[in-house]
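First comes the structure, then the notes that go with it.
The values are calculated or read from the model by the stated rules, or taken from the named source; none is laboratory data. Because the structure is a prediction, the values reported are computed rather than measured. Please note: Cβ atoms are built from the backbone with ideal geometry, for glycine as well, and neighbour counts cover all protein chains shown. Heads up: the accessible areas ignore ligands, DNA and RNA and are worked out on the full protein's heavy atoms, side chains in. Shrake-Rupley method; radii C 1.70, N 1.55, O 1.52, S 1.80 Å.
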Amino acid sequence: KIPKNVLKSYMDLNRTFDVPVPKPDEVLSDADIACHIAKQGGRNQCHVYVPENDAKQVMDMELGWSHRLRQALEEDLFVLHFQRILPIKSMDVDNLPKSSDEFMASYDINALDEPVHYEVLVRMQGGDGELVYPNAFIPTAERFNMMREIDRWIFVNAVKTLAKHNENNKPVHLGINLSGNSMDDEELLPFIKETFEEYDIPTNLIMFEITETSAISNVESAQRLINELRAIGCCFALDDFGCGFSSFSHLKQLPV
């Protein structure tokens, strides 16, 4: 956010030189573009917005990401990672190892009575084989309305993995994130049902996660989707609680 005094100084400067004064939202948009270009240049630097050049450059960058995302969907270039979820009550929290790798190596999952839980995370393979993290491509996917397809890819491939995997005969539960774009996808529920039937996976092994912000920004659609998926046996969790603009009155409307 731009402090009010800085924004006022900017506008006063424009008036001094008798040039058109941009609207505040235009200033913020231009600043956002400058930030994108600075990040593309290697971060830890400044960039001064130049209207003639920079708007086109950002559009070219986004179109490039759009092409890469489409290619990733068509050629299965996304990769799923599974992050283990552990119950705190099973840990000695006063004597935890210094590194997570050391901790996981020492953790005896067979000693647990609880089911095994993982959260499903997505990455994208880059041109040189490196992994691209979602904060780099999700904003573009949302802007170009590609998140519904990515959500479906993640769900199908998570269920495929679950169908092949059986960890010491214990039921494995997966937490799968759904984007705000999928909240009003009328074809999502039939697609999920068909996938469960195709791979013969119990529906109670899947817990869908939606962020607080996306749920509350579209409460009616979120309610409908949550109720429909709960009706077939899935669980729901509210992710990133407290990060947005929630109120407990909204939460009462969401059966999570």
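Out of curiosity, is residue 136 assigned to a helix (DSSP H, G or I), closer than 25 Å to residue 84 by Cβ and within 13 Å of the chain's Cα centre (by Cα)?
For residue 136, the condition - assigned to a helix (DSSP H, G or I), closer than 25 Å to residue 84 by Cβ and within 13 Å of the chain's Cα centre (by Cα) - is met.
Determine, yes or no, whether residue 212 is within 29 Å of residue 125 (Cα to Cα), among the acidic types (Asp, Glu) and modelled with pLDDT under 85.
Taking the combined requirement at face value, the residue satisfies it.
Show the residue pairs that are 6+ apart or on different chains and have beta-carbon atoms under 7 Å apart, the first residue being within the range 73-97 and within 15 Å of residue 155 (Cα to Cα), the second being modelled with pLDDT of 90 or more and among the hydroxyl-bearing types (Ser, Thr, Tyr).
Final answer for the pair search is 80/161; 82/118.
With the structure loaded, tell me whether residue 186 is exposed (fewer than 14 other Cβ atoms within 10 Å of the Cβ) and outside any helix (DSSP H, G or I) or whether it fails that test. Steps first, answer last, please.
Values: exposed (fewer than 14 other Cβ atoms within 10 Å of the Cβ): yes; outside any helix (DSSP H, G or I): yes.
Criteria met by residue 186.
Is it fair to say residue 102 is open to solvent by 60 Å² or more (accessible area, probe 1.4 Å), farther than 30 Å from residue 30 by Cβ, under 22 Å from the mean Cα position of the chain (by Cα) and modelled with pLDDT of 70 or more?
It is false that residue 102 is open to solvent by 60 Å² or more (accessible area, probe 1.4 Å), farther than 30 Å from residue 30 by Cβ, under 22 Å from the mean Cα position of the chain (by Cα) and modelled with pLDDT of 70 or more.
Please determine, by comparing only the residues of the range 189-205 that are open to solvent by less than 30 Å² (accessible area, probe 1.4 Å) and out of contact with any Pro (no Cβ under 7 Å at 6 or more places or on another chain), which one is nearest to residue 227 (Cα to Cα).
Step one: filter the range 189-205 for residues open to solvent by less than 30 Å² (accessible area, probe 1.4 Å), giving 189, 192, 195-196, 201, 205.
Adding the requirement that they be out of contact with any Pro (no Cβ under 7 Å at 6 or more places or on another chain) leaves 189, 192, 195-196, 201.
Numbers: 189: 11, 192: 14, 195: 18, 196: 17, 201: 20 Å.
Out of the qualifying residues, it is 189.
Say we look at the range 121-130 and pick out the residues that are open to solvent by less than 50 Å² (accessible area, probe 1.4 Å) and in contact (Cβ under 8 Å) with a residue 24 or more places away in the chain; which of these is farthest from the chain's Cα centre (by Cα)?
124
Out of all the residues in the range 152-173, is one or more at pLDDT below 95, assigned to a helix (DSSP H, G or I), open to solvent by 30 Å² or more (accessible area, probe 1.4 Å) and more than 20 Å from residue 81 (Cα to Cα)?
For the range 152-173, residues at pLDDT below 95, assigned to a helix (DSSP H, G or I), open to solvent by 30 Å² or more (accessible area, probe 1.4 Å) and more than 20 Å from residue 81 (Cα to Cα): absent.
Being farther than 27 Å from residue 197 by Cβ, surrounded by 13 or more Cβ atoms within 10 Å (Cβ to Cβ) and touching a strand residue (DSSP E or B) at 6+ places or on another chain (Cβ under 9 Å) narrows it down to one of 118, 107, so name that one.
107
Here's a check for you: in the range 215-234, which residue that is exposed (fewer than 15 other Cβ atoms within 10 Å of the Cβ), assigned to a helix (DSSP H, G or I) and among the hydrophobic types (A, V, I, L, M, F, W, C) is modelled with the highest pLDDT?
Here the answer is 231.
Please state which one of 73, 69 is closer than 30 Å to residue 34 by Cα, touching a helix residue (DSSP H, G or I) at 6+ places or on another chain (Cβ under 7 Å) and modelled with pLDDT of 90 or more.
After ruling out the rest, the residue left standing is 73.
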